[in-house]
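Working notes, structure below.
The values are calculated or read from the model by the stated rules, or taken from the named source; none is laboratory data. Given the structure is predicted, the values throughout are model-derived calculations rather than measurements. Positions of Cβ are generated from backbone atoms using ideal geometry, with glycine treated the same way; all protein chains shown enter the neighbour counts.
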Amino acid sequence: MLRLIDTLVDDLNLHEAKIKANAFGKTLAQKAAEADAEVVSEFLEPVAGCLVGRTSTGAVLDENDGNLWTGTYCYSQALRYQATQDPAARDNVLKTAASLYAMMVVSGRGDDFARTIRTAGQRPLGTKWRPGTGAYTNLEWKIGGNNDMWKGFLLGGLALVDGPGQPLRADFGAALQSLAQTHDVTKGSRRAGNRLITWGTIAALTGDANAKSEYRKNARNPYLNAFNVAIGGGFHFKGVTDWSGTHLNIVGLMLNARLAEIHNYWVAKPLSRLALRRAAKGLRKIRRSLHMIVAAGLAPSSSLDASDAIWALRELPQPRSQLAVGLTNLPSYSASPVPNLPWKQDWDTNSGRAVGIEAPPLWVMPQGSYAWKNCPLPRVVSRGIRGELNASSDLLMAYWFGRCYGVIGPND
């Protein structure tokens, strides 16, 4: 039942009341349980094993960033398994890690990998889809594997290390090592951070001495360490903050900190923890909850308070909302004095570069496929309703990380 107080009973107010009830009317544990069940029943491709979206009528939508979100979900289930020993979480890890492995090898080329995959023959190939090769002719793969998608592999690899990954660990590590030796995603000065966490993940998966040596060499890079500590997790200045970049950055810092613990490397341990703390504090005004929860879990400090980050999880509705609120109509709305991401140099043509200066509650923001990679500040021009249903892997990632590391209690 929905209760409306001193307001008109119309479709919009009823919808808003339902979203609030889905957000604040359930405990975090209830929302996580619902989201865990929903992903398995609605958002895992039955053959490919990767995350997908759905239309409002239930038709399957290929997830453009399926590699990254599948890796994120895979790691959330490894955290869930650590916290609960639930065999269902174990099954989810192995199924989605197998999907990520397929994305590494489905192209049949040592220098390319899939952005996502799907069951073959369901839809026309078009210009971006290719037929699978070898043992994967029952699949199709999407071109465009890049730096962002690479993080999906690393999250999946860490899931096999931290979770129940023995059956897949060696093959996954070997495929990752083969790609790391040939693909541009680990080449050049701009990819030093990728090399660090990639070789650390390979060493954790395979135990290879050369991979561990390569990890330690990159962990001693003074320029990379200085960058990670200074702005490695992202920054915020008067409404200027990166969007998906902040999520990629926290994934990198989280992997760095976990790998420092796994390899017990004295150089990386204190620096990775310092970088996490600085990132969390720098972005707390715009409520990057995953930053704060990861920092509180891996780099606890008396100066880190994760209570607002946990509260932000209460603001996420489950099932997730598609509502887009016109915040610019409110008298309290204030636009930022500078365009977001000014280095993109398109603020005069892209309305997404003009945003508000204050981060609103999460329930009024459209979550899309992953809340922690969205711009946390409302656009001057609303994005509107997407007409697309997505899994709550963002809630699961933050919740199970908090549960696994004691930041969130089982009764919160």
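Per-residue answers, yes or no, for (1) modelled with pLDDT under 90; (2) of a type outside the set (Val, Ile, Thr); (3) in contact with a Gly (Cβ under 6 Å, 6 or more places away or on another chain); (4) within 30 Å of Val93 (Cα to Cα):
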site: Ala309; (1), (2), (3), (4): no, yes, no, yes
site: Leu313; (1), (2), (3), (4): no, yes, no, yes
site: Ser332; (1), (2), (3), (4): yes, yes, no, no
site: Trp347; (1), (2), (3), (4): yes, yes, no, no
site: Ala371; (1), (2), (3), (4): no, yes, no, yes
site: Gly402; (1), (2), (3), (4): no, yes, no, yes
site: Tyr405; (1), (2), (3), (4): no, yes, yes, yes
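Listed by first and then second residue, the pairs linking a residue in the stretch 295-318 that is of a type in the set (Lys, Arg) to a residue that is outside any loop (DSSP other than H, G, I, E, B), with Cβ atoms under 8 Å apart and 6 or more places separating them unless they lie on different chains, are Arg314/Ala23; Arg314/Phe24; Arg314/Leu28.
So, in the stretch 114-140, how many residues would count as being under 15 Å from Asn64 (Cβ atoms), of a type in the set (A, V, I, L, M, F, W, C) and in a loop (DSSP other than H, G, I, E, B)? Give the derivation first.
Looking only at the stretch 114-140, we keep the residues that are under 15 Å from Asn64 (Cβ atoms), and these are 114-118, 123, 126-129, 140.
Now restrict to residues that are of a type in the set (A, V, I, L, M, F, W, C): 114, 117, 129.
Okay, now just the ones that are also in a loop (DSSP other than H, G, I, E, B), so 114.
So the answer is 1.
The residue pairs whose first member lies in the stretch 19-48 and is more than 18 Å from Ser76 (Cβ to Cβ), whose second member is of a type in the set (Lys, Arg) and assigned to a strand (DSSP E or B), and whose beta carbons are closer than 7 Å, counting only pairs six or more residues apart or on different chains, are Ala48/Arg118. Looking only at residues of the stretch 185-209 that are within 20 Å of the chain's Cα centre (by Cα) and of a type in the set (Lys, Arg), we find that the one that is nearest to Leu160 (Cα to Cα) is Arg195.
Scan the stretch 141-153 residue by residue and report those that are assigned to a helix (DSSP H, G or I) and among the aromatic types (Phe, Trp, Tyr). Within the stretch 141-153, Trp150, Phe153 meet the criteria.
Yes or no: Gly156 surrounded by 23 or more Cβ atoms within 10 Å (Cβ to Cβ), in a helix (DSSP H, G or I), touching a residue at least 40 places away in the same chain (Cβ under 8 Å) and touching a Gly at 6+ places or on another chain (Cβ under 8 Å)?
Values: surrounded by 23 or more Cβ atoms within 10 Å (Cβ to Cβ): yes; in a helix (DSSP H, G or I): yes; touching a residue at least 40 places away in the same chain (Cβ under 8 Å): yes; touching a Gly at 6+ places or on another chain (Cβ under 8 Å): yes.
Yes; evaluated as a whole, the condition is true for this residue.
Of all the numbered requirements in (1) touching a strand residue (DSSP E or B) at 6+ places or on another chain (Cβ under 8 Å); (2) in a loop (DSSP other than H, G, I, E, B); (3) surrounded by fewer than 17 Cβ atoms within 10 Å (Cβ to Cβ), Asn340 misses one, and that requirement is (3). The helices (runs of 4 or more DSSP H) found wholly in the stretch 206-274 and carrying at least 2 residues that are more than 20 Å from Ser189 (Cβ to Cβ) occupy 209-219, 244-262. Checking each residue in the stretch 27-44 for being over 13 Å from Leu395 (Cα atoms) and either touching a Leu at 6+ places or on another chain (Cβ under 6 Å) or surrounded by 13 or more Cβ atoms within 10 Å (Cβ to Cβ) (or both) picks out Val40, Glu42, Phe43, Leu44.
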